[in-house]
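Input: a single structure, listed below in structure tokens.
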Amino acid sequence: MRKYRIGLICVMIAASGCFRQAVVVRDPLPDIVWPKHPEIARVRFVNSISRANDFNIEEGVFKKFFRFLSGSREEDGISSPYGIESDMSGRLFVVDSMKRCVHVFDKVDGVYYTFPNEGISFVSPIDIAIDDRGYIYVSDSADAVVRIFKDNGKKYVRSLGDGVLKRPTGMAINHNTEELLVVDTVGAVVVRYNLKDYQLKGVIGGKGKEFGMFHSPTNISVSRDGYIFISDSLNSRVQVFTPDGKFIQSIGKPGDSPGYFSRPRGIAVDSDKNIYVVDALFDNIQVFDKVGRLLMSFGVPGKNYGEFWLPSGIFIDQNDYIYISDTYNNRVQIFRYLKLEEHN
């Protein structure tokens, strides 16, 4: 056995040179900003992530070796991203609906992995949320449950929503009220769970066209002060609620010009309370101020950096980095909101 291990290590070391030669070095990333000069730039393109190397994370030698044995030339990459979030340490979590997993790009430890891997499987994972304890929630729309993990996804805890949820999709944590908010697209409601004991606290909405009601809601976000933003997809609008679920305002309506929506999906709010809405059919992101006035948009259909093909999810971290799931381009694009003081 000892001879076998020594031989295996020697083969791995010998093969490592081949692995290094196979690494693809990307061309320098372009400097793209919106809006264009002479206007003041407010959003800057930062990076595009399809696999670990794009995030400056190298595969371990063991993973490289077994990938070599299997005949695979490239590391596992993103296939069909939807939900996306980063934690306080900078780990990036990407839900892949096609591969039925969550990709983890861990800059802290310099590793890449996927989960689940404990006999638990997803059927149709959609979105992800992370609470203050580090517990990770993944919605599985086909199984009609939310799966809960800890230890950065390496340990499965339990499921949530059995018999209550019909088709869970978008999710968010309201840190102000200590709630997990789950969008039920079929039920046309947002279900509220207490994070302490996972007891059902109530619902927001119901099926309809009136303000405060929904028609196939999809995505949800919570601002830093606890206000709730929901993509009311087939009503072609975004609705805003107080932290306790009372309707405040509606943004947008059906149309094909700036300020209107066709299929609003991902939604997020930056540190200045600007509201970012991903439109899957427009292939762009529209940015509104806190009272719903259109400020700008960025992105056009395409495959180049800063372009999109059926984008879906969006997440903005504590440093105003903007992560967008560019679903049909099989990647996550990263941007940054430029605050006015950064130009001084």
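The values are calculated or read from the model by the stated rules, or taken from the named source; none is laboratory data. From a predicted model like this one, the values you see are computed outputs, not experimental measurements. We place every Cβ from the backbone using ideal geometry, glycine too, and count neighbours over all the protein chains shown. With ligands, DNA and RNA removed, areas are computed over all heavy atoms of the protein, side chains included. Shrake-Rupley method; radii C 1.70, N 1.55, O 1.52, S 1.80 Å.
Overview of values
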quantity: Answer residue from region 15-67, given it is among the hydrophobic types (A, V, I, L, M, F, W, C), assigned to a helix (DSSP H, G or I) and modelled with pLDDT under 85 and is farthest from residue 275 (Cα to Cα) among those; calculated: 15
quantity: Residue pairs meeting the criteria (Cβ under 9 Å; at least 6 apart or on separate chains; first farther than 16 Å from residue 137 by Cβ and of a type in the set (S, T, N, Q), in region 79-92; second open to solvent by less than 20 Å² (accessible area, probe 1.4 Å) and outside any strand (DSSP E or B)); calculated: 80/327
quantity: Scope region 270-286; condition crowded, with 22+ Cβ neighbours inside 10 Å, in contact (Cβ under 8 Å) with a residue 40 or more places away in the chain and closer than 19 Å to residue 340 by Cα; matching residues; calculated: 275, 276
quantity: Positions within region 198-214 being open to solvent by 80 Å² or more (accessible area, probe 1.4 Å) and within 20 Å of residue 132 (Cβ to Cβ), in sequence order; calculated: 199, 201
quantity: Qualifying residue in region 98-114 (condition: of a type in the set (Asp, Glu), assigned to a loop (DSSP other than H, G, I, E, B), modelled with pLDDT under 95 and out of contact with any strand residue (DSSP E or B) (no Cβ under 7 Å at 6 or more places or on another chain)); calculated: yes
quantity: Qualifying residues in region 71-85 (those that are open to solvent by 10 Å² or more (accessible area, probe 1.4 Å) and over 14 Å from residue 50 (Cα atoms)) - the one modelled with the highest pLDDT; calculated: 85
quantity: Hey, residue 333 of a type outside the set (Lys, Arg), crowded, with 20+ Cβ neighbours inside 10 Å and more than 21 Å from residue 224 (Cα to Cα) or not; calculated: yes
quantity: Of residues in region 186-197 being within 14 Å of residue 245 (Cα to Cα) and touching a residue at least 40 places away in the same chain (Cβ under 8 Å), the one surrounded by the fewest Cβ atoms within 10 Å (Cβ to Cβ); calculated: 192
quantity: Of all residues in region 91-107 being under 21 Å from residue 317 (Cβ atoms) and touching an Asp or Glu at 6+ places or on another chain (Cβ under 9 Å), the one that is surrounded by the fewest Cβ atoms within 10 Å (Cβ to Cβ); calculated: 91
